[in-house]
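Worksheet: the structure to be examined is printed underneath.
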Amino acid sequence: MFDSILFFLCISLSVSYMWSFSTIMKPIRMYIATIPFISTPLLCPECCSFWVGLITSELYNPILSVIHIILLSNIICGLITYFFASILYKKLFLQ
């Protein structure tokens with residue numbers, strides 16, 4: 001169970017980090033910044049990590065074997081990704 005959660009975190013954090021900080025995604029981020037209601041949840045790195053974790057859990061959900069409610073387990077996967085991303089981004093970029 002622990003190794004599957006760790007694998008899920010590696011997948012979702014790498015995708016959210018690539019989306020938030022890579023220069024190759026910058027034109028897409030700048031285009032999304034012009035859309036009023038979508039720009040805020042997708043441009044904040046912590047918020048984006050929640051949504052990426054939620055989408056990633058649709059493909060690979062390690063918590064589904066413990067919690068058999070699909071929507072609840074997807075939300076928990078998104079929150080786990082958000083929690084680790086907020087710790088990671090605060091440690092890396094605020095010091």
> Which is of a type in the set (Val, Ile, Thr), buried (at least 18 other Cβ atoms within 10 Å of the Cβ) and modelled with pLDDT under 85, of ILE63, ILE69, ILE80?
Replying inline: ILE63
> Within the set of pairs 6+ apart or on separate chains, which have a first residue in region 60-74 that is under 15 Å from PHE8 (Cα atoms), a second that is acidic (Asp, Glu) and modelled with pLDDT of 85 or more, and C-beta atoms under 7 Å apart?
Replying inline: ASN74/GLU58
>> Within region 27-59, take every residue that is within 15 Å of CYS10 (Cα to Cα) and free of Cβ contacts under 8 Å to residues at least 24 places away in the same chain and give me the one that is surrounded by the fewest Cβ atoms within 10 Å (Cβ to Cβ).
In response: LEU59
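The values are calculated or read from the model by the stated rules, or taken from the named source; none is laboratory data. Since the model is a prediction, treat every value here as computed from it, not as a measurement. All Cβ positions, even for glycine, are placed from backbone atoms using ideal geometry, and neighbour counts span all protein chains on display.
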